[in-house]
1. What is the spin-label model distance, in nm, from Val147 to Arg237 if the labels are put 7 Å beyond Cα along the C-beta direction?
2. Between rounded, prolate and oblate, where does the range 142-212 land on the alpha carbon gyration tensor, with a ≥ b ≥ c its root eigenvalues, rounded for a/c under 1.5, else prolate if a/b exceeds b/c?
3. What number comes out for accessible area per residue over the range 1-158 if the probe is 1.4 Å? Units Å², please.
4. I need the calculated FRET efficiency for the pair Ile64 and Phe214, taking r as the beta carbon distance and R₀ as 22 Å, to the nearest 0.05.
5. Return the distance in nm (one decimal) between the two label points of a simple spin-label model at Ile182 and Leu107, each offset 7 Å from Cα along Cα→Cβ.
6. How far, in degrees from 0 to 90, does helix 219-245 lean away from the longest principal axis of the Cα atoms of the chain, to the nearest 10?
7. At 222 nm, what helix-only mean residue ellipticity would the chain give, in deg cm²/dmol to the nearest 500, using -39500 (n - 2.57) for each DSSP H run of four or more?
8. Relative to the present Cα-Cα distance, how much length would full extension add between Trp140 and Leu195 at 0.36 nm per residue of separation?
Amino acid sequence: MRGHETYDPDEPRLRDRLHVTTAAGETWRCLRCGTFVPGPARRTGPADHAPEVPRGRLLRDLVIMRLLAVERLVRGLFLLAAGILIIGLRHSQESLQARFDDEMPLLRPLAEQVGWNIDDSKMVQWIERSFTLSTTTIVWIGIAVIVYAASQFVEAGGLWFMKRWGEYFAVVVTSVFLPVEIYELTERVTVVRLLLLTVNVAAVVWLVWSKRLFGVRGGGAAYHAEHHAESLLTVERAAATASVGR
């Protein structure tokens, strides 16, 4: 789906194995699928700077990173919709309050049947408090939610494309909101809150450990050395395959 990945390494012994001259011109062996592709190589440079073709653990890391990116994208879309909705309600407080007051007597019998004390509900209290907010305050709350949504989109992009800055950004942003999620659990434990907290804690721990962030397990130097080694292995593997094929 991503197309052929041909590479012209600086090392002559590797270059000779990946390059063939035919009647149609020069051809290069694809690092991804092993097919010889007519035309010049897409990139060139030292073998340990070649594009990675993830396999094994690196492929598993790629899958996990992209699952996290999708989760952040979905969360960002919900937050964006919520922020727009909040701003859109800034001139509708009186009508919403009237409707809320009309519906409350109908909800009380149902709440009593399921054992929900509606008068002490934090959600109900927040809704009632929102009716007293000024238009400016509501707009600022909506803007804050939209900014948070934007941070989720940035995080999703960084994780999807496996950028180093995206890994740091994801850890920092997620960690900032962990205390809020823990506080929410002290107020009331729900499956959704517990699941979100578990996912976020696991994401932070996994990113810091597997991506060697903040100096963990050798830090950035070890991280780049690992990926240079994987790039070199990718070229060596393709060159060895080409040698066997001949």
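The values are calculated or read from the model by the stated rules, or taken from the named source; none is laboratory data. All figures in this text were calculated on a predicted structure; none of them were measured in a lab. Here Cβ is always computed from backbone atoms with ideal geometry, including for glycine, and neighbour counts include all displayed protein chains. Accessible surface areas use protein heavy atoms only, side chains included; no ligands, DNA or RNA. Shrake-Rupley method; radii C 1.70, N 1.55, O 1.52, S 1.80 Å.
1. About 4.5 nm separates the two model spin labels.
2. oblate
3. Counting only protein heavy atoms, the per-residue value for the range 1-158 is 62 Å².
4. 0.70
5. 3.1
6. Result, in degrees: 50.
7. -23500 deg cm²/dmol
8. Working it through step by step, the gained length comes to 16.9 nm.
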